[in-house]
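The values are calculated or read from the model by the stated rules, or taken from the named source; none is laboratory data. Owing to the predicted nature of the structure, the values given are computational and were not obtained by experimental measurement. In this analysis, Cβ positions are derived from the backbone assuming ideal geometry, glycine residues included, and neighbour counts consider all displayed protein chains.
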């Protein structure tokens, strides 16, 4: 049931627009709440010093570019975890860097995820990662095909988005613009080259299709747009991809 999870998230990202995009996506999902947007580690430390422990983050999303080298990245992770005990750290990278990945594993991060693969699944991925020891996106796992030991071998892949076969490309585009990006029907109509009436018709059809494929229990005060966002960004439920988190030391 949506509503029982409440994860506080801190975003440490060097890119202003990336920070705002992540903040926007996480704001739609009631299971995640962004408590601080930081550009530097100094901002993180200052935040932790200023607020009560109850407002310390449960999860830190860390931009890999916040460090200049893999070694510096590992040291940054250690600094974060020394500053915020028991925090889950997920590293976001722009492209696969095997040296950075290995540094992250050595630093005991909880995930190494490529932004362009994760996209709007980010809130679902954060929640899903709580049940796993180390998580990655698909191309990272593909690059680890020759790894047979340790956390790299046991890495779990963040599932794909749920498939809705009846969603046409135009309905999907209307949902993306109006539900995910928050555009009005009028702005979406300009973008799609159709009338606002047609956009609203697509949205209604989309809502019905999304609902038909989802039996999740949502809070009664959740708006139709919120529910649509949750369904549109939901992950495939794949029991084969589930593996209990392990606290065993790295071999």
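Within the stretch 17-40, being assigned to a loop (DSSP other than H, G, I, E, B) and under 22 Å from residue 53 (Cα atoms) holds for 30, 31, 39, 40.
Assess whether residue 118 counts as being free of Cβ contacts under 8 Å to residues at least 40 places away in the same chain, under 21 Å from the mean Cα position of the chain (by Cα) and either within 25 Å of residue 23 (Cβ to Cβ) or assigned to a loop (DSSP other than H, G, I, E, B) (or both). Steps first, please.
Numbers: free of Cβ contacts under 8 Å to residues at least 40 places away in the same chain: no; under 21 Å from the mean Cα position of the chain (by Cα): yes; either within 25 Å of residue 23 (Cβ to Cβ) or assigned to a loop (DSSP other than H, G, I, E, B) (or both): yes.
Considered against the rule, which asks whether it is free of Cβ contacts under 8 Å to residues at least 40 places away in the same chain, under 21 Å from the mean Cα position of the chain (by Cα) and either within 25 Å of residue 23 (Cβ to Cβ) or assigned to a loop (DSSP other than H, G, I, E, B) (or both), residue 118 comes out as no.
Hey, can you tell me all the residues within the stretch 154-175 that are loosely packed, with under 14 Cβ neighbours inside 10 Å and assigned to a helix (DSSP H, G or I)? Within the stretch 154-175, just 169 meets the criteria.
Applying the selection to the stretch 176-221, what residues are under 22 Å from residue 21 (Cβ atoms) and not in a helix (DSSP H, G or I)? The answer is 181, 182, 183, 184. Any residue that is in a helix (DSSP H, G or I), in contact with a helix residue (DSSP H, G or I) (Cβ under 8 Å, 6 or more places away or on another chain) and surrounded by 15 or more Cβ atoms within 10 Å (Cβ to Cβ) - is there at least one of those in the stretch 1-16? No, the conditions are met nowhere in the stretch 1-16. Of all residues in the stretch 120-134, those being surrounded by fewer than 18 Cβ atoms within 10 Å (Cβ to Cβ) and over 12 Å from residue 234 (Cα atoms) number 2.
Answer yes or no as to whether residue 124 is in contact with a helix residue (DSSP H, G or I) (Cβ under 8 Å, 6 or more places away or on another chain), in a helix (DSSP H, G or I) and either in the same structural domain as residue 94 (by TED's automatic domain parsing) or in contact (Cβ under 8 Å) with a residue 60 or more places away in the chain (or both). Give the steps one after another, and end with the answer.
Working: in contact with a helix residue (DSSP H, G or I) (Cβ under 8 Å, 6 or more places away or on another chain): yes; in a helix (DSSP H, G or I): yes; either in the same structural domain as residue 94 (by TED's automatic domain parsing) or in contact (Cβ under 8 Å) with a residue 60 or more places away in the chain (or both): yes.
Yes, satisfied.
For the stretch 214-251, the set of residues classified as at pLDDT 50 or above, within 28 Å of residue 149 (Cβ to Cβ) and surrounded by 14 or more Cβ atoms within 10 Å (Cβ to Cβ) consists of 235 only.
When restricted to residues that are free of Cβ contacts under 8 Å to residues at least 40 places away in the same chain, part of a helix (DSSP H, G or I) and out of contact with any helix residue (DSSP H, G or I) (no Cβ under 8 Å at 6 or more places or on another chain), the stretch 55-81 contains 4.
Per the listing 143, 188, the residue uniquely out of contact with any strand residue (DSSP E or B) (no Cβ under 7 Å at 6 or more places or on another chain), in contact (Cβ under 8 Å) with a residue 40 or more places away in the chain and surrounded by 13 or more Cβ atoms within 10 Å (Cβ to Cβ) is 143.
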